[in-house]
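Written below as structure tokens is the structure these notes are about.
The values are calculated or read from the model by the stated rules, or taken from the named source; none is laboratory data. Every value quoted in this text rests on a predicted model; they were computed, and no experiment measured them. Reconstructed Cβ throughout: ideal geometry from the backbone, glycine too, with neighbour counts over all protein chains shown.
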Amino acid sequence: MLIFADTILTMAGEALLGGRVRIREERIVEVGPHLTALPGESVMDLKDQILLPGLINAHCHLDYTSFKGAIFQKKNFAAWIKTINGLKANFSGADFLQSIDKGFDLLAQSGCTTVFNIEAFPELLLRMPRPPLRTWWFLELIDLRNRLGSDDVLLGALSFFEKHPDWLGGFGLSPHAPYTASIELYRLAKRCSDQLKMPWTTHLAESIEEQEMFLYGKGPLHEFLGSLGRENSDCGQGSALSHLLDFGALSPACILVHLNYLQEYDWQALRENRYSIVHCPRCHAYFNHGRFPLERLQETGANICLGTDSLASNDQLDLRAEIRMAQHHYPQVTSREWLQMITVNPAEAIGLPGQLGVIQPHALADLVAFPSAQNSDPYATVVRSEEEPTFVMINGTIQKSFHPQV
């Protein structure tokens with residue numbers, strides 16, 4: 001198939017005006033301004049459209065899509081955790097499956113073709129049809145009360161993942177956070193990642209309450225988790241980040257989500273390793289966190305990505321809305337740079353640079369198109385757009401198009 005578009009944002013170089021992309025099976029094979037149709041080749045003309053790589057949501061909890069509007073802002077993070085735990089207790093497996101389904105629809109409606117999803121209930125995957133988007137399922141790991149004793153326990157939980165090679169995307173691990181997952185569990189996840197070349201991710205330094213817990217051994221989160229049986233003897237000794245680093249429980253392959261609260265001594269560690277870090281602007285605003293240290297993280301060479309988090313702390317799963325929220329705080333960042341954070345950068349984070357998040361030969365054919373605007377920066381046009389995409393292709397298969405083939 002040959003696709004024409006008024007503008008192509010390759011995210012691998014400069015924008016192409018009047019560009020063309022040739023697709024063969026699931027891959028892009030050629031990109032350029034002068035390609036012509038081969039004999040018998042189908043052609044699609046995306047007139048007045050901007051074509052770009054499918055958007056990548058680097059952090060989401062699809063389980064909680066149905067919790068939209070269910071949790072009013074709480075006085076602290078611990079109170080929010082108590083509330084969401086109550087909601088989860090009243091949901092059935094069927095309810096969560098419906099919630100995941102709804103989340104996929106919302107992601108697709110905003111131009112997202114890939115999502116890194118934290119899965120709290122892996123047993124749901126046994127009842128799930130093949131996902132419609134390219135999805136990395138990160139198995140959430142929590143051992144607040146019961147400690148895992150061996151690698152075999154964790155590897156056994158992953159056996160399901162090997163049986164679904166036809167699912168686009170992949171599988172990974174997610175020790176929830178240092179306050180709910182032990183150092184032993186982090187080390188298990190790190191070993192699995194190293195040995196199986198499996199991605200992993202964690203929530204880290206998300207809230208002021210987490211900072212108080214690890215720095216000073218006090219605060220509402222410290223008290224709440226203590227009431228649930230957490231020993232808390234590891235608290236009061238340093239930041240949440242240094243807590244994991246000091247015990248050798250992190251690796252540069254780990255995708256760090258949030259990283260909102262850092263101590264001065266944390267910055268040297270961040271400069272020594274190039275971490276992928278996910279910022280969720282609308283969730284950040286929901287919790288009234290302090291200003292996210294975007295500029296300083298960029299100075300360390302960090303690979304910054306964007307995610308939506310869940311609808312338990314957001315009201316949209318639209319990455320363009322995340323950018324529009326962030327633009328108010330970082331006006332010096334260009335629209336192109338923001339779009340890199342939802343295309344090129346998360347592709348690198350998941351270990352697929354040059355294959356996802358770009359339009360270039362050999363890349364996977366995940367593409368979306370939005371209406372263009374005359375005499376306007378096409379990157380800014382995409383960011384400003386609140387419309388659904390007019391064209392969606394995933395793995396070389398058209399999922400949606402208002403443009404008939406010619």
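Filtered by the rule that a residue be surrounded by fewer than 22 Cβ atoms within 10 Å (Cβ to Cβ) and not in a helix (DSSP H, G or I), region 314-337 gives Asp315, Gln316, His328, His329, Tyr330, Pro331, Gln332, Val333, Thr334.
Here's a check for you: in region 290-303, which residue that is in a loop (DSSP other than H, G, I, E, B) and touching a Phe, Trp or Tyr at 6+ places or on another chain (Cβ under 8 Å) is farthest from Ile342 (Cα to Cα)? First the steps, then the outcome.
Our first condition is that a residue be in a loop (DSSP other than H, G, I, E, B); within region 290-303, this holds for 290-293, 300-302.
Checking the rest, the ones that are also touching a Phe, Trp or Tyr at 6+ places or on another chain (Cβ under 8 Å) come to 290, 300, 302.
On the way: Gly290: 23, Thr300: 19, Ala302: 15 Å.
Per the criteria, the residue is Gly290.
Scanning region 71-83 for residues that are under 20 Å from Leu317 (Cβ atoms), touching a helix residue (DSSP H, G or I) at 6+ places or on another chain (Cβ under 7 Å) and surrounded by 13 or more Cβ atoms within 10 Å (Cβ to Cβ) yields a total of 1.
Looking at Cys254, is it touching a residue at least 60 places away in the same chain (Cβ under 8 Å) and either crowded, with 20+ Cβ neighbours inside 10 Å or in contact with a Gly (Cβ under 7 Å, 6 or more places away or on another chain) (or both)?
Details: touching a residue at least 60 places away in the same chain (Cβ under 8 Å): yes; either crowded, with 20+ Cβ neighbours inside 10 Å or in contact with a Gly (Cβ under 7 Å, 6 or more places away or on another chain) (or both): yes.
Judged against the criteria, Cys254 is a match.
Only one of the listed residues (Val21, Val31) is touching a residue at least 24 places away in the same chain (Cβ under 8 Å), assigned to a strand (DSSP E or B) and under 21 Å from Thr114 (Cα atoms). That residue is Val21. For region 106-140, give me each residue that is among the acidic types (Asp, Glu) and either within 24 Å of Ala349 (Cα to Cα) or buried (at least 19 other Cβ atoms within 10 Å of the Cβ) (or both). Within region 106-140, Glu119, Glu140 meet the criteria.
If you filter region 187-203 down to residues that are surrounded by 24 or more Cβ atoms within 10 Å (Cβ to Cβ) and at pLDDT below 95, you find that the one that is farthest from Leu306 (Cα to Cα) is Leu188. Applying a threshold of 7 Å to beta carbon distances and a minimum spacing of six or more residues, or different chains, the list of pairs starting in region 343-356 at a residue that is within 16 Å of Asn395 (Cβ to Cβ) and ending at one that is part of a helix (DSSP H, G or I) reads Gln355/Ala347; Leu356/Ala347.
Please find, within region 364-386, the residue that is nearest to the chain's Cα centre (by Cα) out of those that are part of a loop (DSSP other than H, G, I, E, B) and within 20 Å of Pro132 (Cβ to Cβ).
Of the residues in region 364-386, the ones part of a loop (DSSP other than H, G, I, E, B) are 365-366, 372-377, 385-386.
After this cut, where a residue has to be within 20 Å of Pro132 (Cβ to Cβ) as well, the list is 365-366.
Working: Ala365: 19, Asp366: 16 Å.
For region 364-386, the residue satisfying everything is Asp366.
Only one of Glu348, Glu322, Glu337 is charged (D, E, K, R) and under 21 Å from Trp200 (Cβ atoms). Can you tell me which? Just one listed residue meets the conditions, Glu348.
Go through region 213-241 and give me each residue that's assigned to a loop (DSSP other than H, G, I, E, B) and under 14 Å from Leu144 (Cα atoms).
The initial filter retains those residues of region 213-241 that are assigned to a loop (DSSP other than H, G, I, E, B), namely 217-219, 228-239.
If the condition is that a residue be assigned to a loop (DSSP other than H, G, I, E, B) and under 14 Å from Leu144 (Cα atoms), then Leu228, Gly229, Arg230, Glu231, Asn232, Ser233, Asp234 are the ones that fit.
Here's the yes/no breakdown for (1) closer than 24 Å to Trp136 by Cα; (2) out of contact with any Phe, Trp or Tyr (no Cβ under 8 Å at 6 or more places or on another chain); (3) part of a strand (DSSP E or B):
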position	(1), (2), (3)
Val257	yes, yes, yes
Cys305	yes, yes, yes
Thr308	yes, yes, no
Leu339	yes, no, no
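Kindly indicate the residue of region 209-250 that is more than 20 Å from Ala79 (Cβ to Cβ) and of a type in the set (D, E, K, R) and also surrounded by the most Cβ atoms within 10 Å (Cβ to Cβ) among those meeting that condition. By that ranking, first place goes to Asp234. Of the residues making up region 69-78, at least one is part of a helix (DSSP H, G or I), in the same structural domain as Ile304 (by TED's automatic domain parsing) and within 28 Å of Leu228 (Cα to Cα). Within region 177-209, the set of residues being within 20 Å of Trp80 (Cβ to Cβ) and assigned to a helix (DSSP H, G or I) comprises Ile208, Glu209.
Restricting region 387-406 to residues that are touching an Asp or Glu at 6+ places or on another chain (Cβ under 7 Å) and part of a loop (DSSP other than H, G, I, E, B), which is nearest to Leu46 (Cα to Cα)?
Going through region 387-406, the residues touching an Asp or Glu at 6+ places or on another chain (Cβ under 7 Å) turn out to be 393-396, 403, 406.
Still in the list and also part of a loop (DSSP other than H, G, I, E, B): 395-396, 403, 406.
On the way: Asn395: 18, Gly396: 16, His403: 6, Val406: 11 Å.
Only one residue fits best here, namely His403.
Pro281 falls short on exactly one of the conditions (1) buried (at least 22 other Cβ atoms within 10 Å of the Cβ); (2) touching a residue at least 60 places away in the same chain (Cβ under 8 Å); (3) over 20 Å from Arg187 (Cα atoms), and that condition is (2).
Report whether or not Glu206 is closer than 20 Å to Gln263 by Cα, modelled with pLDDT of 95 or more and under 26 Å from the mean Cα position of the chain (by Cα).
Details: closer than 20 Å to Gln263 by Cα: yes; modelled with pLDDT of 95 or more: yes; under 26 Å from the mean Cα position of the chain (by Cα): yes.
Taking the combined requirement at face value, the residue satisfies it.
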